[in-house]
1. Of all alpha-carbon pairs in the stretch B:26-71, indicate the percentage at a distance above 16 angstrom.
2. Given the Cα atoms of the stretch A:181-220, and with Rh set as the inverse mean 1/r over their pairs in the Kirkwood sense, what is Rg to Rh to two decimals?
3. Take the rotation relating chain B to chain A, measure from its axis to every Cβ in chain B, and name the nearest residue with the distance in whole Å.
4. How much net charge surrounds B:Ala109 when only other residues with a Cβ under 12 Å from its Cβ are counted (Lys, Arg +1; Asp, Glu -1)?
5. Placing a label point 7 Å from Cα toward Cβ, how far apart in nm is B:Ala310 from its equivalents in the other copies, listed shortest first to one decimal?
6. Got the B:Gly199 label distances to the other copies yet, label 7 Å along Cα→Cβ, in nm, shortest first?
7. Compute the separation of the alpha-carbon centres of the stretch B:264-298 and the stretch A:16-89 and state it in Å as a whole number.
8. All other residues with a Cβ under 10 Å from the Cβ of A:Ile160 taken together, and with Lys, Arg as +1 and Asp, Glu as -1, what is their net charge?
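Each reported figure results from applying straightforward, stated rules to the coordinates on display, with no laboratory input. Computed from a prediction, not measured in an experiment: that's the story for all the values here. Counting neighbours? That spans all protein chains shown, and the Cβs are built from the backbone with ideal geometry, glycine included.
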Number of protein chains: 2
Amino acid sequence: MTQVSFERAEARLTELFAAAGASAANSASVAWALVMAEADGLKGHGLSRVPTYLAMLKAGKIDGQAVPKATRPKPGVLAIDAAHGFAYPAIDLAIVELPELVREQGVMAAPIRRSSHCGAAGLHVERLAEQGLVALLFANTPGAIAPWGGSKPVFGTNPIAFAAPLAGREPVVIDMALSKVARGPIVAARQKGQPIPEGWALDVDGKPTTDAAAALAGTMVPLGDAKGATLAMMVEILSAALVGAHFGFQASSFIDDKGGPPDTGQLILAIDPAAMGGNWFDERMRVLAHAIEEQEGTRLPGVRRLTLRAKARAEGIDMPAELLSD
Amino acid sequence: MTQVSFERAEARLTELFAAAGASAANSASVAWALVMAEADGLKGHGLSRVPTYLAMLKAGKIDGQAVPKATRPKPGVLAIDAAHGFAYPAIDLAIVELPELVREQGVMAAPIRRSSHCGAAGLHVERLAEQGLVALLFANTPGAIAPWGGSKPVFGTNPIAFAAPLAGREPVVIDMALSKVARGPIVAARQKGQPIPEGWALDVDGKPTTDAAAALAGTMVPLGDAKGATLAMMVEILSAALVGAHFGFQASSFIDDKGGPPDTGQLILAIDPAAMGGNWFDERMRVLAHAIEEQEGTRLPGVRRLTLRAKARAEGIDMPAELLSD
């Protein structure tokens with residue numbers, strides 16, 4: 001491991017993706033997203049993705065030369081075709097175009113199809129909140145969660161991300177997958193030959209299991225059990241049925257180079273708080289933040305990430321040696 | 001109890017609300033919503049509300065003569081002032097106006113302020129899905145859930161409702177409060193002097209409790225624990241901060257006649273699936289429904305309600321004698 005600056009890490013990743021066949025613009029977009037996720041402590045969406053992203057590029061599973069295109073089928077819709085490329089350049093396009101359109105319309109929907117892994121979803125909505133908007137992002141991912149009562153994965157772990165501006169402070173940022181726990185700890189338990197806690201996963205018959213291998217062959221327990229499975233279906237409808245994307249159970253893996261493009265989807269909804277009929281938003285947000293923060297033991301969502309990010313900016317991020325040498 | 005037809009039940013409730021000072025239009029709107037919730041088996045939002053609604057009307061806590069007003073601050077926004085009245089007439093106004101606007105814009109936001117208890121939230125989005133739209137409704141309710149790690153209620157149980165059309169069939173309808181369980185079973189346990197299961201509620205110090213009285217004095221555990229508390233905050237921002245409504249911790253109770261109007265809020269987001277850049281929605285929804293229903297032990301969200309509704313339509317609904325006599 002070597003500690004390197006954000007700029008150095010971004011430049012190096014950009015170089016690696018370009019060498020694997022991605023355009024300069026796409027390489028820079030992906031490099032930024034991975035470095036930020038790593039800095040924010042979201043390592044599952046950070047540098048750990050580099051080897052699989054490179055393999056997917058080389059196999060043509062992700063089109064590194066893809067140019068995302070936006071159309072405007074209706075005044076309130078910016079429809080984006082990610083064109084079998086990385087999700088990040090398509091999302092960047094939405095983030096560049098949306099603020100002006102939202103200020104004109106009050107609300108905009110940006111469906112993104114033929115897309116892929118969108119990484120740390122909070123990073124995307126955070127950039128909209130920094131421009132004064134309230135934003136939601138729904139994304140689907142390869143099948144991991146079964147419909148409640150069933151045993152076969154239909155829905156992904158399907159993150160919901162949300163951000164809202166907080167006047168004079170960093171935005172509130174929420175980003176949660178709908179599985180009770182991430183897949184990472186289960187993979188780690190299998191490698192160590194250890195059991196997993198009950199309640200994390202179900203086996204191929206839909207029965208609770210503490211065996212990590214059986215869990216990985218089965219499905220993930222959704223947060224809040226039946227209600228979480230229902231939320232995962234809602235996200236699947238918003239980010240895939242509406243958008244024209246593959247469902248979780250149809251999508252190829254985000255973590256290997258097998259099969260065609262994942263072609264998953266994202267839906268961004270962005271709202272201008274100044275367009276809701278009155279000028280109350282900043283005051284309301286201050287009052288809400290105060291009601292939370294005055295209670296001991298609480299914090300606003302996103303604060304931990306910002307603390308880690310500031311530390312990483314000051315001290316650099318840990319970069320594995322194999323990513324630094326050719 | 002007397003079994004009466006929907007029409008008879010609606011007519012009788014309309015009469016009761018009008019006698020308590022509500023306008024004819026408001027009385028009919030509230031009567032419809034309560035009868036439908038009762039028919040759908042959602043008794044906590046059904047006839048059980050009649051006595052408190054009448055008391056709130058008589059005390060002036062709800063303005064029975066309120067006329068909801070809509071303005072159009074931006075092309076994508078229909079901002080509704082419920083004017084300290086019932087939520088239902090304000091929501092009805094949104095449901096009448098939105099379909100045409102959404103078909104023109106692609107997406108619309110309808111923030112509703114100075115509102116109150118919106119009952120079975122799924123009923124509202126279901127009516128939009130029946131007109132071909134995908135719809136989300138976020139609502140806040142009086143304080144019940146603490147920020148994670150805290151002990152004082154800030155957020156309500158804050159339902160998320162969602163509906164999507166399913167070509168040739170009834171729409172998919174999702175409607176979930178963000179507390180792990182409803183308050184009703186805890187009230188019932190206290191009345192019977194019974195303990196409640198661990199994991200339902202926290203006492204005034206934020207510690208887990210199995211004592212029903214301590215639970216009612218404390219806070220409700222959100223679904224999925226920390227993640228659910230974060231979702232409750234997201235709904236609070238969408239349905240109150242954005243909309244210009246009271247937060248859960250500021251709102252007066254929905255179940256007594258004490259204090260001023262609750263002045264809670266709702267936010268409806270409605271999307272035209274035909275405006276997303278392609279003609280895939282109906283096929284995508286059929287494929288998703290099939291992937292769920294082919295698995296034994298599963299069902300689409302909303303199906304149980306529809307079964308109960310059909311039974312109630314055939315057999316009538318149970319109406320307590322005290323609601324039938326003057």
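1. Of all Cα-Cα distances in the stretch B:26-71, 44 percent exceed 16 Å.
2. 0.90
3. B:Gly224, 2
4. Here the charged neighbours net out to +1.
5. Taking the point 7 Å beyond Cα along Cα→Cβ, the inter-copy spacings are 5.9 nm.
6. Copy-to-copy label distances at B:Gly199, shortest first: 0.5 nm.
7. For the stretch B:264-298 versus the stretch A:16-89, the Cα centre distance is 27 Å.
8. 0
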